[in-house]
Amino acid sequence: MLYCNAKVFTPEGYVCGGFRVEDGVFTEIIPGLDRGGEDLCGAKVIPGLVDIHIHGAAGADFSDGNLDGLRCMASYLAANGITAFAPTSMTLPLEALQAAFQTAKQLQDKRPAGCARVVGIHMEGPFLAEKKKGAQNGAYLRDPDFEAFRSLYDSCNGQICLVDVAPELPGAAEFAARARALCTVSAAHTDADYEQAAAMFDAGACHLTHLFNAMPPIHHRHPGVIGAAAERDTVTAELICDGIHVHPSAVRIAFKLFPGRICLISDSLRCCGMPDGTYELGGQTVTLKDHIARLGDGTIAGSATHLFDCMRNAVRFGIPEEEAIRAATINPARRIGADDRIGSIEIGKAADYVVCDEGLHLKQVCISQKLHKKC
């Protein structure tokens, strides 16, 4: 199928022209093509978004271990421009994690029409610090345990693409050195000082989970995990851009601290896309009110905003549009090793793309050339 008269977002930026898709793959990018195919009327065409940190949406949570619920999440994401995702677990008993991971494997093996792709599993707990546990359930926290991790990894045929570890925990650096051969290791939910964080990054960790959240702020005498991460060009950082977790000024600072290395995420919960009310998160009660999800003690939990809106927020906060798009597409795809298949509009990659108007309002979503939404 040939499309023309569009502003196509390529790795080099927007190109006015068209593109061809065959068998669900981009086969040609054609600058200057303004007729001769299906006319997109000057619309913007950007890569499908990739969310590598998402717990739930549309009333479902990955950690429930329910395949129908995961399908519901995947359908909701596809309808909102997120064409690939790494469902993210909470801190739970290992048996509960194993059950959830099996659902991700099943959906990855057989993706129903109208659903976003599962491109791996993000294992956020249980190797996190009590002091910075945030909305994680402290009853199930434990020190890094490579053998337990390896057992979970093998049980889902190696689908774990990200595992989170607090650098100050006993054996964290050693865990990172071993786990790096299997997936991306990320510093998360941590009160680590600079030296502890640097040791884990030097051992093989290369990612920072939800920058600024569940970690100490950067200080000129105590740079901590943020300082250790920012000065290493190999380390990427997630950022929740819902307008609640991180102030717009801090969003702009983040893009300067980690140039070309920000991965926008939603960190969304089952209440994303749902009305105000009470919901469950990892065995804890979460109340959604005025778009803010909180635990009973007032702690802000994850977000109630999907990634497409997070990307549009970043632009609204002053991030250049092309940077914001890359932070929601190719950057996260590259971080989990999926950039050979998704994350950009390039010949040979899956034809996952979003058609938008000039203001990045979603009009159509296509996954391997199958239309999932038209406004």
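The values are calculated or read from the model by the stated rules, or taken from the named source; none is laboratory data. Everything numeric in this text was worked out from a predicted model, so none of it was measured. Reconstructed Cβ throughout: ideal geometry from the backbone, glycine too, with neighbour counts over all protein chains shown.
The table for this structure:
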quantity: Residues being in a loop (DSSP other than H, G, I, E, B) and at pLDDT 95 or above - total across segment 300-315; calculated: 3
quantity: All positions within segment 221-230 that are in a loop (DSSP other than H, G, I, E, B) and touching a helix residue (DSSP H, G or I) at 6+ places or on another chain (Cβ under 9 Å); calculated: H222, P223
quantity: Leading residue by the ranking (surrounded by the most Cβ atoms within 10 Å (Cβ to Cβ)) among those in segment 203-240 that are under 24 Å from A328 (Cβ atoms) and of a type in the set (D, E, K, R); calculated: E238
quantity: Conditions (1) over 30 Å from P31 (Cβ atoms); (2) out of contact with any helix residue (DSSP H, G or I) (no Cβ under 9 Å at 6 or more places or on another chain); (3) surrounded by 17 or more Cβ atoms within 10 Å (Cβ to Cβ); (4) not hydrophobic (A, V, I, L, M, F, W, C); number of the one not met by N313; calculated: (2)
quantity: Count of residues meeting criterion [within 12 Å of the chain's Cα centre (by Cα) and surrounded by fewer than 24 Cβ atoms within 10 Å (Cβ to Cβ)] in segment 48-58; calculated: 0
quantity: Failed item in (1) farther than 21 Å from L211 by Cβ; (2) out of contact with any Phe, Trp or Tyr (no Cβ under 9 Å at 6 or more places or on another chain); (3) in a strand (DSSP E or B), with V286 passing the rest; calculated: (2)
quantity: Selection status of S151, in contact with a strand residue (DSSP E or B) (Cβ under 7 Å, 6 or more places away or on another chain) and hydroxyl-bearing (S, T, Y); calculated: no
quantity: Which numbered condition C4 fails, given (1) in contact (Cβ under 8 Å) with a residue 40 or more places away in the chain; (2) touching a Lys or Arg at 6+ places or on another chain (Cβ under 6 Å); (3) not acidic (D, E); calculated: (1)
quantity: Strands (runs of 3 or more DSSP E) (entirely within segment 15-95) containing at least 1 residues that are of a type outside the set (K, R) and touching a helix residue (DSSP H, G or I) at 6+ places or on another chain (Cβ under 7 Å); calculated: 44-47, 49-54, 82-89
quantity: Extreme residue, surrounded by the most Cβ atoms within 10 Å (Cβ to Cβ), among residues of segment 328-361 that are more than 14 Å from E12 (Cα to Cα) and among the small types (G, A, S); calculated: A328
quantity: Residue that is hydroxyl-bearing (S, T, Y), under 20 Å from Y353 (Cα atoms) and buried (at least 24 other Cβ atoms within 10 Å of the Cβ), where the choices are T10, T91, T83; calculated: T83
quantity: Residue pairs meeting the criteria (Cβ under 9 Å; at least 6 apart or on separate chains; first over 21 Å from I54 (Cβ atoms), in segment 224-253; second among the hydroxyl-bearing types (S, T, Y) and modelled with pLDDT of 95 or more); calculated: G224/T190; G224/Y194; V225/T190; V225/Y194; G227/Y194; A228/Y194; A229/T236
quantity: Of residues in segment 98-122 being hydrophobic (A, V, I, L, M, F, W, C) and surrounded by fewer than 17 Cβ atoms within 10 Å (Cβ to Cβ), the one farthest from G343 (Cα to Cα); calculated: A99
quantity: Selection count, segment 261-280, where residues are in contact with a helix residue (DSSP H, G or I) (Cβ under 8 Å, 6 or more places away or on another chain) and either surrounded by fewer than 23 Cβ atoms within 10 Å (Cβ to Cβ) or over 16 Å from P87 (Cα atoms) (or both); calculated: 3
quantity: Number of positions in segment 83-103 that are closer than 16 Å to C183 by Cα and under 15 Å from the mean Cα position of the chain (by Cα); calculated: 5
quantity: Which listed residue is closer than 30 Å to G125 by Cβ and surrounded by fewer than 15 Cβ atoms within 10 Å (Cβ to Cβ), from D61, D68; calculated: D68
